[in-house]
Amino acid sequence: MKKIFLLITLAIFALVSCKQKNKDLTKPEVLTAKLEFVSNDILPKSINNLKNKGTGSVDYSNSKHVKFKNINIGDCVWTDGFWADKFELAEKVMIPNMGKILTGDTGFALNNFKIAAGLKKGKHEGMFWHDGDFYKWMEASLYIYAINKDEKILKEIDNYIDIIGKAQLENGYLQTQITIPEKQPFSEVKYHEMYNSGHLYISALTHYRLTGKRNFLDIAIKHANNLYDVFQPQPKKLARFGFNQVQIMGLVELYRTTKDNRYLELAEIFINMRGKSKVRVDPTVSYRNIGDMTQERIPLRKSKEAVGHAVLALYYYAGAADVYAETGEQALIEALDRIWGNIVNQKMFITGACGQKHDGGSSHRDFVHEAFTIDYEMHNANAYNETCANLCNAMFNYRMMSVKGESKYADVIETVMYNSALAGIDLGGTNFFYTNPLRRSFDHKMGGTDYPTRVSYIPCFCCPPNLVRTIAKLSTWAYSLTNNGLAVNLYGGNKLETHLLDGSKIKLKQKTDYPWDGAVSFTIEGCKNDAFDILLRIPKWAQNSSISINGKKENIELKGGEYTTINRKWRAGDIISLNMPMKYELVVGHRKIEEIRNQAAIKRGPVVYCVETPDLPKNTNVLDVYLPSDITLTSQKLVGFLGGLTTLKGNVLLTSDKDNDMYRTLKKQTWKPFEATFIPYYAWSNRGVSEMTVFMPIIWK
C-alpha cells in the first residue's frame, strides 16, 4: 500500500514538474514514451552501490567471452612521436575549437539543450543527431582529462551535465529534436533517437568511470530505463527502431557497469528486431530507409555480407560484437565473422575506408545511401567513405580483436587510423572532410557533404567529434591484457602502467618513430617475478621482421599478420627490440575491381601514399601520371613539411595526350619523365584546393 501511495505521489509530482517545463505529458504524442519514474531511492541496490573502478573506454573486465581484456583509461600515455603529437593537437586545438562550435551559435548543440531545459527561448536547429554529436565531444574532453587532470574540463562538463539533466523529461526521455517542437517520440526513424541515446550512455559512462560521480550516469540510467519499458514488449509499430544503432553498444556498457540485466536484454532485442519487418514503406519509415539500407532485410545471424548505410551497419555490428562478448552466442560471432570477411575482402578500400557510394543499390537491389554496395564496386573519384564509417570500422575491429585475440583486426585498426581516419581532419586540427575519395579532380562535381577542400564546419557534424574522440582514446587500444600477460596492438612512443589480470603491476616504456620507421623498443621498468607473456603484433606487411632481447637476436619465427608470443621471466631493465623492415610496395587490386584494373597504389608500412598537384608540374592533371612498374622510390623524413612526415620520391611518366574524345583510336603516346613526390594520403589537401590520386595507371616494364 505504501509503495502504491509513493508511486501516485511521484506521478503527481512528475506531471507538475513537466508542466513547469512546458511539457504536457497528458498529450498522446508524449505518452508514447511511457511514463516511468526512477529516482535514486528506488534504484536497484546493484546500481546504488556502484564503485568507480576507472575501467576502459570499452569495459571487458568481467566479459567471459573475450580473449583480450582492456586496459584502463589513462594507463597508457603517448609520450613522443606520431600519436603524441596528434593527442597534443587534440588537447590544445581540436577539442577547444570544437567546443566553441558546439556550445556557440554555429553548432547549435548546447543551445538545443538549453531550449529544451527552459533556460533559453528558440527553436531546435541543426541535424536530428546533434545531441549525439555533443555527447561525443564531451566524451573526447573526458579522455583528455584522463591524461592531463585539468579540473577546468570537469567543471565545464558538469555545467553541461546540469543543463542536460534539466532538459530530460521526468520519464527519462531526452531528445531535443523531439521535445523542443513537441513531436511524437519514436514516430519516425529519421530522428536518430537511438543514435543519440547510445552516445548519451557512452559519454555518461566515461564520465562516471573517470570521476566516480553519478550526475551524468543517473541521467543515462533514467533514460535507459524508459527505453527498456518502451521497447522490451517489442510492439510491432516500433519494430524498425534499430535505426543507427549506437544504443546497442551503450546498453551493453551500461550493463557492464550497473550489472542490470535489463540493459543486456534490451541490447539483444534490438539485434533480434532486425529482419522481422517486411521490406515496405510504413508511416515510421521513409522509402529511402528500408530493406538493406537499414540492415533489416535479413536477420543478423543469417547475414553473409555487409549491407546498407555503412555507419549504421558498422555501429550495429560493433554492438553485436559487444553482445557476443557477454553471451557467447556462437551464431552471433559466426555471422560477424562472415560480415567481417565480406567487408575486408570485397568492400573495404586500401585506406581502411568503408561506404563505397553516396547512392547506389545493394546486392538485393534495394536503394542504399552512403553505403556498402555490391562486392568489388570500388570507385576512386566517387568513393564516399564517410569519416564516421571509417572510424566505425576501427571500432568494430577493436571489438573483434578483443573477442578473438587475432592480429588481423588490429591490422585494420592501424590501416584506418593512419589513412582514412586522419584524412578527415587537416594538419592544423580545425577543418574537416566528411567524404574521403581516393581521387579528386578540379572538374569533380561537388554536392551535399562533398567539399573541394576541408571546411571549418559541416552542417552534418557527426564526423568531427567522432574523429576527435577516437584520437583522444586511441591509447586505450594500444595494449590489451591477456590470460597470462600483455598484448601490444598499436605502436607509438608511450609509457604504460597497468595491472595484469592476476593483479600484478607492470610498467614499461615504448620508443619508436613509427610509422616512419619500423624499429620499436620496449623497456621493462617494473613487473612481477614470475614468467608471463608479451605478445607483439607483427603487421601483415612486416615480412622478415626480427626480435632481439637485451641486444641478443632471438631465434623466433615471426609471421606477418599474427601475434608473436614471448614467454619468460622478465626483469626491470629488460629491453625488447622489434625491427620491422619499412619497405615501399606497389599494391594492386583484385581483378574484379574494374575501377583500378591495371592501376597501382603505393604503400609504405601502414601508410598509403598519393600524388597531389602541388608536387606536379604546372597544368598537370593527376590523371596524366603513370607509374612505371619498376619504379624506384626513395624515402625522406621532412621535419617541417606538412607537419613532419616521410615522403617518397620516384620517376613517373607524364602523358601529353589531352584528347577529349570519349573514344578514339589507340595510338602511340609520348611520355615525359618527371621526379614526383608522393605524400601520405591523410596529408593531402593541406595546401589549398588540389587534385589527388591514390591509384595510378601502370606502365609495365
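The values are calculated or read from the model by the stated rules, or taken from the named source; none is laboratory data. Because the structure is a prediction, the values reported are computed rather than measured. Counting neighbours? That spans all protein chains shown, and the Cβs are built from the backbone with ideal geometry, glycine included.
Does any residue in the stretch 303-314 that is closer than 15 Å to Glu377 by Cβ come within less than 8 Å, Cβ to Cβ, of a residue that is assigned to a strand (DSSP E or B) and charged (D, E, K, R) six or more places away or on a different chain, and which pairs are these?
Ala310/Glu370
Which residues, counting only those in the stretch 346-397, are out of contact with any His (no Cβ under 8 Å at 6 or more places or on another chain) and hydroxyl-bearing (Ser, Thr, Tyr)?
Of everything in the stretch 346-397, those that are out of contact with any His (no Cβ under 8 Å at 6 or more places or on another chain) and hydroxyl-bearing (Ser, Thr, Tyr) turn out to be Thr351, Ser362, Ser363, Thr373, Thr387.
Can you say whether Leu174 is closer than 30 Å to Ala90 by Cα, surrounded by 24 or more Cβ atoms within 10 Å (Cβ to Cβ) and at pLDDT 95 or above, as far as the supplied structure shows?
Here the answer is yes, as Leu174 does meet what is asked.
Give me a count of the residues in the stretch 559-581 that are assigned to a loop (DSSP other than H, G, I, E, B), within 34 Å of the chain's Cα centre (by Cα) and either modelled with pLDDT under 95 or of a type in the set (D, E, K, R) (or both).
Residues in the stretch 559-581 being assigned to a loop (DSSP other than H, G, I, E, B), within 34 Å of the chain's Cα centre (by Cα) and either modelled with pLDDT under 95 or of a type in the set (D, E, K, R) (or both): 1 in total.
Go through (1) surrounded by 10 or more Cβ atoms within 10 Å (Cβ to Cβ); (2) under 41 Å from the mean Cα position of the chain (by Cα); (3) in contact (Cβ under 8 Å) with a residue 40 or more places away in the chain one by one and return the number of the condition Trp671 breaks.
Going through (1) surrounded by 10 or more Cβ atoms within 10 Å (Cβ to Cβ); (2) under 41 Å from the mean Cα position of the chain (by Cα); (3) in contact (Cβ under 8 Å) with a residue 40 or more places away in the chain one by one, Trp671 breaks only (2).
Regarding the stretch 360-367, can at least one residue be identified that is charged (D, E, K, R), in contact with a Phe, Trp or Tyr (Cβ under 8 Å, 6 or more places away or on another chain) and within 26 Å of Met249 (Cβ to Cβ)?
Among the residues of the stretch 360-367, not one is charged (D, E, K, R), in contact with a Phe, Trp or Tyr (Cβ under 8 Å, 6 or more places away or on another chain) and within 26 Å of Met249 (Cβ to Cβ), which makes the answer no.
Looking at the stretch 105-124, which of the residues that are on the phi < 0 side of the Ramachandran plot and modelled with pLDDT under 95 is nearest to the chain's Cα centre (by Cα)?
So the residue we want is Gly107.
Considering every residue within the stretch 238-247, establish whether at least one is at pLDDT 95 or above and within 18 Å of Val58 (Cα to Cα).
Within the stretch 238-247 (the criterion being at pLDDT 95 or above and within 18 Å of Val58 (Cα to Cα)), the answer is yes, since at least one residue qualifies.
Would the stretch 47-54 turn up any residue that is charged (D, E, K, R), at pLDDT 95 or above and under 25 Å from the mean Cα position of the chain (by Cα)?
no
Given Thr646, Thr634, Thr655, which one is of a type in the set (Val, Ile, Thr), surrounded by 13 or more Cβ atoms within 10 Å (Cβ to Cβ) and modelled with pLDDT of 95 or more?
Result: Thr646 is the single residue among Thr646, Thr634, Thr655 that is of a type in the set (Val, Ile, Thr), surrounded by 13 or more Cβ atoms within 10 Å (Cβ to Cβ) and modelled with pLDDT of 95 or more.
Tally time: how many residues in the stretch 73-85 are within 15 Å of Asn148 (Cβ to Cβ) and either assigned to a helix (DSSP H, G or I) or basic (Lys, Arg) (or both)?
Total meeting the criteria: 1.
With the stretch 304-422 as the region, which helices (runs of 4 or more DSSP H) entirely inside it contain at least 2 residues that are surrounded by fewer than 23 Cβ atoms within 10 Å (Cβ to Cβ) and polar (S, T, N, Q)?
Result: 330-342.
Given Ala683, Ala676, which one is in contact (Cβ under 8 Å) with a residue 60 or more places away in the chain, within 20 Å of Ala421 (Cα to Cα) and out of contact with any Phe, Trp or Tyr (no Cβ under 8 Å at 6 or more places or on another chain)?
Ala683
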